[in-house]
1. Determine the sum of side-chain charges near Arg119: Lys and Arg each +1, Asp and Glu each -1, restricted to other residues whose C-beta is under 13 angstrom from that of Arg119.
2. Could you tell me the ratio Rg/Rh of region 309-360? Both radii from Cα atoms, Rh via Kirkwood.
3. Given R₀ = 25 Å, what would the calculated FRET efficiency be for Arg250 paired with Arg286, taking r from the Cβ atoms and rounding to 0.05?
4. Considering only protein heavy atoms and a 1.4 Å probe, what is the carbon-and-sulfur percentage of the accessible area of region 248-379?
5. Which net charge results for the neighbourhood of Thr246, defined as the other residues with beta-carbon distances under 12 angstrom from its beta-carbon, given Lys and Arg at +1 and Asp and Glu at -1?
6. What is the Rg over Rh value, at two decimals, for region 264-376, using alpha-carbon atoms and the Kirkwood definition of Rh?
7. Residues with beta-carbon under 13 Å from that of Tyr357, excluding Tyr357: net charge, scoring Lys, Arg +1 and Asp, Glu -1?
8. Quick check: residue separation of Ala242 and Cys379 times 0.36 nm, minus the Cα distance between them. What number comes out in nm?
Amino acid sequence: MTTNHESRSQSGRPSLSPSGAPAEPQITLRSPAELADALPYMLGFHPTDSLVMVAVHGEGGRFGGRLRVGIPTAPAEWEDTARQVAECLIRGSERRAGKPDGIVVFLCKDPQGGESGQRVMTRLRPLAQRLRVACGALDVPVLEALCLSGGRYWSYTCGEAGCCPAEGTPLAPPGTSVMAAAATFAGLQVRGSLKEIESRLTPLGGPWAAEQEEALERAATALVPRILDGATREEVGAETLALARTLMRRLTLAPPAEGGPRADDWDDALLGHDEAAAVILGLQDREIRDIAAEWMEDEEAAPALRLWRALARRCVGAYGEHAAAPLTLAGWVSWSSGDEPTARIAFGLALRADSEYRFAQLLHHACNEGIDPEGLRQCLREERGRREPGRKRPAGATRPPGRRTGQRRRASRRPEGSGQ
């Protein structure tokens, strides 16, 4: 199989392209192996337990819109899921870049309970078939359907044993392939796996969770009546924001020795249960949350992101819905800083916590539509300027790379409306 595809990186720069301007990095994908290897670079992370669909346009096979959802655990849901994701991707692509000429499907699921990757592939075959039927019903063929499991891949569209053996074909070790080298040259990043990114935003467990829930109960008893009382609401807002700034300063003065989960453990230890509870409850007020959203750039962005992640992890037990606010703020800071893959994941988790959370809905949609976040950043700056007339932006402040003020990004306009 020979396939030439063009995609766009998460930053809006061309990343995979068979043709185009000579200055653009170009990568030609000629086989299912190269398609499988390219997937994390298209998304910005390694998808786990995911159904991924990518639209293909033109004779050269330019990659367009892409969509990711979790694989439903119940096979009874597969037909409805296939119909919905096919319609979402194809209709969304029609609005942006025209009807796709084809679709590439990836089913990514690691073996569990002692089963083999080959068993996973066999179990998911009916889902792959339903996806092919659903896309075909909309007059768009599935050009390739791959299952990635246990470090191997299988093609559902290839029946040649010499090309696609029954035991599967090993995937290239991460970072060792030609694709990895070319993607690095093109400036693409893979930010770990979906599971790893989500774990940094999901509630804590164990004794900490019980202690945190008790603190949230105490804070709710004390703060909620004050928030509902117009006479004390502004006072609560000032206290919440002052405490949040104090916690950000504490995080700034105590940077973790390393990144990833160990850094999260460090941040968790720096926040007291009562402090976290007070800020979480305060952020449930829209006006307080909107002011907190102003901390999205310059020296405030990094400690704000650490704080919002830590607070999302503290929304435990009966307070799970309260995570929508810090998760949306974490997504907003990530998006504003140029990390769209993490932003989409955070927005998706916020909507999982509260499907009606309007702030998350709007930002998730805007991020998926490829809208430049600079417009919202500018609005927040102006609002802050009116509220704090004496404040000046630092002289060295810069916008994230790859953005152009007041314009939509010219690439990466993809549906993605998909539980990510």
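The values are calculated or read from the model by the stated rules, or taken from the named source; none is laboratory data. Just so you know, these numbers come straight off a predicted model, no measurement behind them. Cβ placement follows ideal geometry from the backbone for every residue including glycine, while neighbour counts extend to all protein chains displayed. Surface areas here come from the heavy atoms of the whole protein model, side chains and all, with no ligands, DNA or RNA. Shrake-Rupley method; radii C 1.70, N 1.55, O 1.52, S 1.80 Å.
1. Once all neighbours under 13 Å are counted, the net charge is +1.
2. Taking Rh as the inverse mean 1/r over Cα pairs, Rg/Rh reads 0.96.
3. Once the sixth-power term is evaluated, E becomes 0.45.
4. Of all accessible area on region 248-379, carbon and sulfur atoms account for 56 percent.
5. +1
6. Rounded to two decimals, Rg/Rh equals 0.94.
7. Net charge around Tyr357: +1.
8. The span from Ala242 to Cys379 would gain 47.1 nm if fully extended.
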